[in-house]
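Q: Sharing a structure with you now.
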Amino acid sequence: MSVEQTGSVSIQQLNKHYPTQKNEDLTVLEDINLEIKPGEFISIVGSSGCGKSTLLRLLVGLERQFQGQILVDGEAIEGTSLERGIVFQDHRLFPWLTVRENVRIALHKSQFSRAEEDQLIDEHLELVKLTKFKDAYPSQLSGGMNQRVAIARSLVNRPQILLLDEPFGALDALTRQNLQDELQRIWQSEKITMIIVTHDVEEAVFLGDRVVVMQPHPGRIKRIVDIQLPHPRKREDIRLTNIKNDILTDFSDPVKDQLIQPLSASFADYKFAW
């Protein structure tokens, strides 16, 4: 008998408004409709102000006032839940706790014994390759390692869905690429639904099964791009580059593009300093 996979998300006619000082409504999200299959990796990409982080807060249950429906496995979201983990751009670790105890914080509502907690923590530190650093403090680790601790903490409750809000945005390029590879590996290992919000189109294409392209003011879905390439992916795959370049056209400024004059074909027209 097969076990039905969990972690589906259904967003139907979602609208989100914030009141202003002038008693007017500021529309942040407008008519968002999105169906996410269990175990799918979804990237949400858009410029600042398109509401992508607000959408993630609604999915995790941190925001409760909205119009429309958000269903997880057919049930409406009612506040936060251990079934939905989240990783923020800031790792938000407690500096006075070790790596092991920072992960344990996520289990404070669990019914596990201390020994069972230790086993779960060890398993997830092994998953993010930090077993040797379980007794270290956040100040003794790099930014990328601290983000891996944050990922372990978000996964230790075995959520059905992992939400990631610009998790690598504050890291240097090399560390960011390494963690993208790690996240791809963890997703394939855990087989849970992952939804990442990012402004980095290359990251969105590299990780996602589908890329949801958002446009701002108010935030709405412009299009959804299928990335029909197998995992694990290689950055040098020219097909990823072509898809990235296609998505980047959604963020180009047509007025600015018209002002850019084509380069002269004549070498004699160029002026040099020698």
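The values are calculated or read from the model by the stated rules, or taken from the named source; none is laboratory data. As the structure is a computational prediction, the values presented were derived from the model and not from experiment. Neighbour counts are summed over all protein chains in view; Cβ atoms, including those assigned to glycine, are modelled from backbone coordinates with ideal geometry.
Q: Quick one: count up the residues across the range 70-93 that are surrounded by fewer than 21 Cβ atoms within 10 Å (Cβ to Cβ) and either of a type outside the set (A, V, I, L, M) or within 17 Å of residue 152 (Cβ to Cβ) (or both).
A: 13
Q: Now for a different question. Of all residues in the range 70-101, which are under 21 Å from the mean Cα position of the chain (by Cα) and farther than 18 Å from residue 160 by Cα?
A: 89, 90, 91, 92, 93
Q: Any residue in the range 51-70 that is more than 18 Å from residue 213 (Cα to Cα) sitting within a Cβ distance under 9 Å of a residue that is modelled with pLDDT of 90 or more and in a helix (DSSP H, G or I)? List the pairs, counting only those 6 or more apart or interchain.
A: So the pair list comes out as 62/56; 63/54; 63/57; 64/58; 66/58; 70/58; 70/59.
Q: While we're here: Within the set of pairs 6+ apart or on separate chains, which have a first residue in the range 27-50 that is in contact (Cβ under 8 Å) with a residue 12 or more places away in the chain, a second that is surrounded by 21 or more Cβ atoms within 10 Å (Cβ to Cβ) and charged (D, E, K, R), and C-beta atoms under 6 Å apart?
A: Between residues of the range 27-50 that are in contact (Cβ under 8 Å) with a residue 12 or more places away in the chain and residues that are surrounded by 21 or more Cβ atoms within 10 Å (Cβ to Cβ) and charged (D, E, K, R), the close pairs are 28/16; 29/16; 44/52; 46/52.
Q: Looking for something touching a strand residue (DSSP E or B) at 6+ places or on another chain (Cβ under 7 Å), of a type in the set (A, V, I, L, M, F, W, C) and farther than 16 Å from residue 59 by Cα - is there at least one such residue anywhere in the range 151-170? Let's see the steps before the verdict.
A: If we filter the range 151-170 for residues that are touching a strand residue (DSSP E or B) at 6+ places or on another chain (Cβ under 7 Å), which is where we start, we get 151, 154-155, 157, 159-167.
In the following step, the residues that additionally are of a type in the set (A, V, I, L, M, F, W, C) were identified as 151, 155, 161-164.
If we keep only those that are farther than 16 Å from residue 59 by Cα as well, we get 151, 155.
For the range 151-170, residues touching a strand residue (DSSP E or B) at 6+ places or on another chain (Cβ under 7 Å), of a type in the set (A, V, I, L, M, F, W, C) and farther than 16 Å from residue 59 by Cα: present.
Q: Using the structure shown, decide if residue 103 is under 28 Å from residue 203 (Cβ atoms), assigned by TED's automatic domain parsing to the domain that holds residue 142 and surrounded by 14 or more Cβ atoms within 10 Å (Cβ to Cβ).
A: yes
Q: Could I ask something else about it? Could you list, in sequence order, the residues of the range 233-254 that are free of Cβ contacts under 8 Å to residues at least 12 places away in the same chain and not in a helix (DSSP H, G or I)?
A: First, the residues of the range 233-254 that are free of Cβ contacts under 8 Å to residues at least 12 places away in the same chain: 234, 236-239, 241-242, 245, 249, 252-254.
Matches in the range 233-254: 234, 236, 237, 252, 253.
Q: Every residue in the range 232-247 that is of a type in the set (A, V, I, L, M, F, W, C) and exposed (fewer than 13 other Cβ atoms within 10 Å of the Cβ), please. Before the answer, list the steps.
A: Looking only at the range 232-247, we keep the residues that are of a type in the set (A, V, I, L, M, F, W, C), and these are 238, 240, 243, 247.
Selection gives 238 alone.
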